[in-house]
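The values are calculated or read from the model by the stated rules, or taken from the named source; none is laboratory data. No experiment lies behind these values; they were computed from the predicted model shown. Note that we place each Cβ from the backbone using ideal geometry, even for glycine, and neighbour counts take in every protein chain shown.
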């Protein structure tokens, strides 16, 4: 059951990234992130009030708050990286980092021992995420050049790549820390740790809004979809937290980290985009990784 929950979480994460990517073409990405996180906060608050049961302890709330800080800062670095560096560098570095850190924590620090097929599947998932995330990004680069205002148009390409790697690593670390923290929230504590996580994530993004002088005035045609997309992202986080209670952190994080496959498939079906040979190989590797990890 844990594997199913993690894969469903990955699907929801993928839908969230696809939706935010489309909205970010029409409005400032940081502002979109604020409304998305706010929409997710409203949803989880309603669910927490509607679903009784569980008592949030101090440690559970602490892990929830930590996950919120990690989410907010992770998204801040990710968006900054996409503005300063190359998407073909930032995205795969971020995705791979988001997967490898929880795997290391689970195996090296928590003493988890996945089965031999699962270990092999984890190894296959690493190139799968890289290939899926990296393939097909070249055509997007010209659209991003106009958005690179942080460093200026005259910034050398080597400097932009370095900035992209750093911000991608930090963004991925934020996602990874979110998953590690949520895995530590014990059962029986209700949804309040996740409510706190969402509230803190919004608060963590606000300093970036202030520093970049980002206007939060967006048309209703953007704010409403952003809130809905954010709600889907919160559902993904809830599913991940439930999955982490039933499965090893190393396994849950890897399956959830396969979410880049979803935007690729949605772009193929809805936008008529073509997938590259690298993405095709990556999707095949992802399918193989899922099959191996699901083996008893």
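Quick notes on this structure:
- Put simply, of 251, 228, 202 the only residue that is part of a helix (DSSP H, G or I), touching a helix residue (DSSP H, G or I) at 6+ places or on another chain (Cβ under 7 Å) and surrounded by fewer than 18 Cβ atoms within 10 Å (Cβ to Cβ) is 228.
- Residue 60 vs. criteria assigned to a helix (DSSP H, G or I) and at pLDDT 85 or above: yes
- Filter pass, residue 174 being on the phi < 0 side of the Ramachandran plot and either in contact (Cβ under 8 Å) with a residue 40 or more places away in the chain or surrounded by 20 or more Cβ atoms within 10 Å (Cβ to Cβ) (or both): yes
- Among the residues making up segment 282-296, those that are touching a helix residue (DSSP H, G or I) at 6+ places or on another chain (Cβ under 6 Å) and modelled with pLDDT under 85 are 294, 295.
- Hits in segment 259-281 (condition: at pLDDT 90 or above and either in a loop (DSSP other than H, G, I, E, B) or buried (at least 20 other Cβ atoms within 10 Å of the Cβ) (or both)): none
- Taking the conditions (1) buried (at least 23 other Cβ atoms within 10 Å of the Cβ); (2) not in a helix (DSSP H, G or I) in turn, residue 293 satisfies each one other than (2).
- Residue within segment 8-27 that is part of a helix (DSSP H, G or I), farther than 18 Å from residue 232 by Cβ and without any contact (Cβ under 8 Å) to a residue 40 or more places away in the chain present: no
- Taking segment 71-177 and the helices (runs of 4 or more DSSP H) fully enclosed by it, the elements with 1 or more residues that are under 20 Å from the mean Cα position of the chain (by Cα) and at pLDDT 85 or above are at 87-104, 116-134.
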